Amino acid sequence: MARMTRESWRRRRDSDLRAKIRTFGFHGAAYRWGCDDPTCTEPHSPVPEQFAYTIGLTERGHPELLVVGLVCGDSVAVLNHLGHGVAAHGDRLAAGEFIDLGAFGTGALIDVVDSSQQLRVANEFYRLPYLPPVRALQLVVAGSDRFN
């Protein structure tokens with residue numbers, strides 16, 4: 001089997017992401033370290049190191065969304081709910097808003113000053129050379145019993 005180069009892997013990833021964005025209006029990407037297998041000896045990453053964000057809301061003139069502080073599966077569930085509202089119904093979210101997240105608690109949206117470090121793929125897709133990173137809002141979740 002031929003080994004995939006970094007460039008061919010990136011082209012495949014970009015093609016897959018573009019297809020998901022065309023189909024669903026955005027893609028939710030989650031990042032963490034460790035594994036879910038109960039027999040795994042590799043440690044899980046602490047929750048503060050787990051995060052998820054959207055890719056594709058920029059195409060709708062909306063900031064990307066970032067969630068930190070929940071386990072990845074819960075972060076993606078929240079992003080899917082909020083991202084669907086933006087992509088399918090034209091919802092507009094803004095810094096300073098409080099959002100009832102049901103079982104996940106209450107969230108507050110704040111501006112992300114520099115999205116270039118955490119939202120790397122979104123910036124690869126949408127950031128133009130010599131211009132600021134893509135706009136993003138971080139959802140800060142409080143009152144959740146779903147922390148890892």
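Structural remarks
- The set of residues in segment 89-120 being of a type in the set (G, A, S) and in a helix (DSSP H, G or I) consists of G102, A103.
- Restricting attention to segment 97-145, the residues that are touching a Lys or Arg at 6+ places or on another chain (Cβ under 7 Å) and under 18 Å from Y31 (Cβ atoms) add up to 2.
- Extreme residue, farthest from the chain's Cα centre (by Cα), among residues of segment 119-142 that are surrounded by 19 or more Cβ atoms within 10 Å (Cβ to Cβ) and within 15 Å of S75 (Cα to Cα): V141
- Inter-residue pairs, beta-carbon under 7 Å, first in contact (Cβ under 8 Å) with a residue 40 or more places away in the chain and in segment 2-29, second of a type in the set (S, T, Y), 6+ apart: F26/T54; G28/T54; A29/Y53
- Selection of first residues in segment 96-110 that are under 14 Å from V78 (Cβ atoms) and without any contact (Cβ under 8 Å) to a residue 60 or more places away in the chain and of second residues that are surrounded by 15 or more Cβ atoms within 10 Å (Cβ to Cβ) and among the polar types (S, T, N, Q), restricted to Cβ pairs under 6 Å at least 6 apart or on distinct chains, gives the following pairs, ordered by first then second residue: F104/S144; G105/S144.
All of the numbers you see were taken from the coordinates with simple rules; none came from a lab. Since this is a predicted model, take the numbers as computed values, not measurements. Virtual Cβ from ideal backbone geometry, glycine too; neighbours counted across all protein chains shown.
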